[in-house]
Amino acid sequence: MNIQVNGRRIQLNEHEITIGELLESYNVTKRISVVEHNKEIIKKEEYEQTKITNGDTLEIVHFVGGG
Amino acid sequence: MEERYSRQELFSGIGSEGQALLAEKHVLIIGAGALGSANAEMLVRAGVGKITIVDRDYVEWSNLGRQQLYTEEDALTSLPKAKAAEQKLLAINSRVKIVGIAEEFHAENAEQLVESVDILIDGTDNFNTRFIINDVTCKLNVPWVYGGCLESHGTCLAILPGKTPCLKCLFDYLPQEGGTCDTLGIIGPAVQMTAAYQTAECLKFLTGQLMSPEMVYFDVWERQSSSVEVTKLLDPECSSCSSQADYPFLKKEKGLRTYMLCGRETVQVRPGQIEGFSLKALNDRIKQVTSEVRGNGELLIFQINHLRFVVFKDGRTLIHGISDTSEAQKLYQQYIGA
Ligand SMILES: [Zn+2]
């Protein structure tokens with residue numbers, strides 16, 4: 001399937017994947033991330049249940065410690 | 001129109017009214033590292049009325065790669081960053097009132113420092129301090145602008161207590177994993193980009209405009225960026241910003257406090273209250289133990305075996321070459337005092 005992450009088109013072999021799985025594949029720490037799925041902000045508790053399918057759009061931001 | 005600010009006044013977002021407002025404002029910057037330096041320089045050039053900049057560290061060679069206010073001379077003399085920053089900022093714009101405070105920002109001095117300011121800028125490099133900032137700004141209802149950067153990426157979020165989600169609304173634990181600038185590194189462009197977002201939000205607020213409700217994240221090397229509107233995540237039961245807040249990070253501790261500077265093999269030891277502490281007396285005492293002692297009036301540095309002690313005027317000490325906090329406490333008691 002094709003999805004869009006942070007403005008970039010990404011091709012995945014899976015036909016369906018959860019937000020939790022996607023974050024893991026990006027190595028993003030779930031507890032310090034904020035995810036918008038098709039313009040809808042997703043609560044952390046819902047990461048594992050929310051499914052991403054073909055054509056979906058995601059914005060992922062996360063907290064950074066340094067400075 | 002004053003020539004110095006003419007280009008900024010021409011910018012429609014600020015104008016001469018905005019410029020006049022800036023001159024009346026007081027900004028507190030916590031941390032005078034890379035982000036703190038970059039924000040401070042922009043705000044001083046922009047003509048903000050007063051800047052207070054607080055930092056617990058001193059200038060080292062590894063800072064010169066990106067911490068724009070410092071020079072080789074500062075590293076050679078191990079000047080506290082707050083003092084070096086104060087000098088540079090005054091030289092840039094003598095019309096701005098600048099106060100450099102070479103102390104740690106902690107639960108005990110936080111309220112007094114934040115009380116009278118218009119906005120706070122986060123120039124820290126750790127979440128311990130950020131959660132103290134978060135609690136005190138919520139308690140005193142002062143807005144602040146979070147910023148963080150690492151490697152080639154960075155992020156920024158403006159926080160208006162009670163109106164937009166605070167740090168605690170967005171994550172409820174102190175992240176310990178993940179790298180720091182001392183382990184994963186950082187490049188100047190990531191610093192500058194993060195600071196640019198922070199200063200822009202700060203200027204908007206100071207000139208009476210709304211700050212962005214979006215959290216922005218970017219990678220300047222990979223050329224990626226993303227923004228998410230986070231207002232919906234304001235937590236009505238938040239322990240820091242809701243009506244039932246109890247400000248968990250403002251709880252005061254007693255006695256010696258130790259803190260590990262991660263990735264640096266350094267422990268900071270801070271005394272609760274020490275009466276009659278003076279660097280001069282310590283200098284006289286320590287000279288009987290080691291000949292490797294030097295000072296610059298702001299701090300005293302001495303070496304014992306493989307350990308380097310850097311002692312500030314308030315008795316706070318950085319012990320380099322150690323990563324065990326209880327061992328550091330013992331060394332502190334042995335050489336510096338109770
Ligand atoms: Zn909150």
Just checking, which of B:Cys181, B:Cys149, B:Cys138, B:Cys169 is more than 16 Å from the ligand (Cβ to nearest atom) and either over 25 Å from B:Val44 (Cα atoms) or more than 10 Å from chain A (Cβ to nearest Cβ) (or both)? B:Cys181
Report yes if B:Ala190 is within 14 Å of chain A (Cβ to nearest Cβ), in a helix (DSSP H, G or I) and at pLDDT 95 or above, otherwise no. yes
So, B:Asp284, is that one touching a Cys at 6+ places or on another chain (Cβ under 6 Å) and among the charged types (D, E, K, R) or not? no
Could you list all residues from segment B:214-233 that are surrounded by fewer than 17 Cβ atoms within 10 Å (Cβ to Cβ) and more than 10 Å from every other protein chain (Cβ to nearest Cβ)? B:Trp221
Inspect segment B:199-212 for any residue being touching a residue at least 40 places away in the same chain (Cβ under 8 Å) and more than 26 Å from B:Ala23 (Cβ to Cβ) and give the result as yes or no. no
Go through the residues of segment B:201-211 one by one and say whether even a single one is within 14 Å of chain A (Cβ to nearest Cβ) and either within 16 Å of the ligand (Cβ to nearest atom) or modelled with pLDDT of 95 or more (or both). no
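Of the residues that make up segment B:106-122, is at least one within 13 Å of another protein chain (Cβ to nearest Cβ), surrounded by 23 or more Cβ atoms within 10 Å (Cβ to Cβ) and modelled with pLDDT of 95 or more?
The answer is yes, given that some residue of segment B:106-122 is within 13 Å of another protein chain (Cβ to nearest Cβ), surrounded by 23 or more Cβ atoms within 10 Å (Cβ to Cβ) and modelled with pLDDT of 95 or more.
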When you go through A:Glu36, A:Glu59, A:Glu45, A:Glu40 one by one, which is the residue that is buried (at least 16 other Cβ atoms within 10 Å of the Cβ), within 13 Å of chain B (Cβ to nearest Cβ) and out of contact with any Leu (no Cβ under 9 Å at 6 or more places or on another chain)? A:Glu59
Go through segment B:67-89 and give me each residue that's within 14 Å of another protein chain (Cβ to nearest Cβ) and either modelled with pLDDT under 95 or in contact with an Asp or Glu (Cβ under 9 Å, 6 or more places away or on another chain) (or both). B:Gln68, B:Lys81
Give, as residue ranges, the helices (runs of 4 or more DSSP H) completely inside segment B:19-119 that count at least 1 residues that are within 27 Å of B:Lys204 (Cα to Cα) and more than 14 Å from the chain's Cα centre (by Cα). B:34-46, B:81-92, B:110-114
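The values are calculated or read from the model by the stated rules, or taken from the named source; none is laboratory data. Since the model is a prediction, treat every value here as computed from it, not as a measurement. Every residue, glycine as well, gets a Cβ built from its backbone with ideal geometry; the counts of neighbours run over all protein chains shown.
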